[in-house]
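In what follows, a structure is listed as structure tokens, so that the remarks can point back to it.
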Amino acid sequence: MAKRDYYEVLGVIKTASTEEIKKAYRKLALKYHPDRNKNDKTAEAKFKEASEAYHVLSDKERRTNYDQFGHAAFEGAGGRGGFSNFDFSNIFSDIFGSDPFDDFFEGFGGSRGRRRRSSDFRGSDLRYDLSISLEDAYNGKKQEINFSSSDKCGTCNGSGAEPGSKPVSCSTCGGQGQVRSSQGFFTIQQTCPECAGSGEQISSPCRECRGMGKKQTKKKIFTNIPKGVDDGTRIRLSGKGEAGIKGGGNGDLY
């Protein structure tokens, strides 16, 4: 049986933007997800078809290859156009970073909640506006930057818990990181407001950082201003932004 055109599967035109493709996919996935269509082989097939189409069209390189060669671009890596062993049930977590229907209306229960990953607790990015002379812009220079930001607490190592103590399961969400509330025919699933999706609560907060897992500090760093830099140029200093918490990485400084 011939495979359908990926754009046709998602119901978008060939010039559709990445955001339009994502929106179309999520609508179809919400409709045909196996958790909402138990033992429905037709819905399962449509879910996999939509997920396969999104997997290709959401990636710039894969989309370019598909636009040039069609389904033949992915043949040779297995049956069904090279996706026979691809687990499309994981595509939600890979793309959206959470459960399939976070912040969506779910009919009749839906899937279980999932705790936020450590990457979700990444620190915020910081912005530092710097003015330099025309001479420095022409020649380049090593520039000193002084600013304030947070660092991971050395006492609790960023956990927010007093050394020797351990976080406990959140009493509000039962450790799931998600809470549900029923509204008539539907169930709304949202991030737990008590634990911010971590599924844990700190019973004994760190006295040094008061349970925050980080402390505000003054910093001085140096960065190289390249020769011939233009007005409005943005330089990224990776990991020099606000500290993350619960294992999350630092933000960046721009």
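The values are calculated or read from the model by the stated rules, or taken from the named source; none is laboratory data. Just so it is clear, the structure is predicted and the values come from calculations on it, not from any experiment. Virtual Cβ from ideal backbone geometry, glycine too; neighbours counted across all protein chains shown.
Where residues in the stretch 43-92 are in a loop (DSSP other than H, G, I, E, B) and of a type in the set (Gly, Ala, Ser), which of them is modelled with the highest pLDDT? Step through it out loud before you land on a result.
Residues of the stretch 43-92 that are in a loop (DSSP other than H, G, I, E, B), as a first pass: 58-59, 75-78, 83-87.
So of that shortlist, the ones also of a type in the set (Gly, Ala, Ser) come out as 58, 76-78, 84.
Details: Ser58: 87, Gly76: 51, Ala77: 46, Gly78: 43, Ser84: 52.
Here the residue is Ser58.
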* Asked: Quick one: how many residues across the stretch 218-254 are surrounded by fewer than 17 Cβ atoms within 10 Å (Cβ to Cβ), polar (S, T, N, Q) and modelled with pLDDT under 85?
  -> 1
* To do: For the stretch 197-242, name all the residues that are more than 20 Å from Ser124 (Cα to Cα) and charged (D, E, K, R).
  => Glu200, Arg207, Glu208, Lys227, Asp230, Asp231
* Asked: Among the residues of the stretch 30-64, which ones are polar (S, T, N, Q) and free of Cβ contacts under 8 Å to residues at least 12 places away in the same chain?
  -> Asn37, Asn39, Thr42, Thr64
* With Gly175, Gly213, Gly158 as the choices, which residue is over 30 Å from Tyr254 (Cβ atoms), in contact (Cβ under 8 Å) with a residue 12 or more places away in the chain and either surrounded by 15 or more Cβ atoms within 10 Å (Cβ to Cβ) or of a type in the set (Phe, Trp, Tyr) (or both)? -> Gly175
* Structure fact -> Of (1) within 19 Å of the chain's Cα centre (by Cα); (2) surrounded by fewer than 15 Cβ atoms within 10 Å (Cβ to Cβ); (3) not acidic (Asp, Glu), Leu30 fails just (2)
* Asked: Out of all the residues in the stretch 129-138, is one or more within 32 Å of the chain's Cα centre (by Cα) and of a type in the set (Phe, Trp, Tyr)?
  -> no
* Asked: Could you list, in sequence order, the residues of the stretch 128-141 that are of a type outside the set (A, V, I, L, M) and either closer than 12 Å to Ile225 by Cβ or at pLDDT 85 or above (or both)?
  -> Asp129, Ser131, Ser133, Glu135, Asp136, Tyr138, Asn139, Gly140, Lys141
* Identify the single condition in (1) at pLDDT below 85; (2) in contact with a strand residue (DSSP E or B) (Cβ under 9 Å, 6 or more places away or on another chain) that Ala196 does not satisfy, given that it satisfies every other one. => (2)
* Structure fact -> Scanning the stretch 217-235 for residues that are of a type in the set (A, V, I, L, M, F, W, C) and farther than 16 Å from Ser148 by Cα gives Ile225, Val229, Ile235
* **Subset of the stretch 1-21 (residues that are crowded, with 18+ Cβ neighbours inside 10 Å and assigned to a helix (DSSP H, G or I))** => Tyr6, Tyr7, Val9, Leu10, Ile21
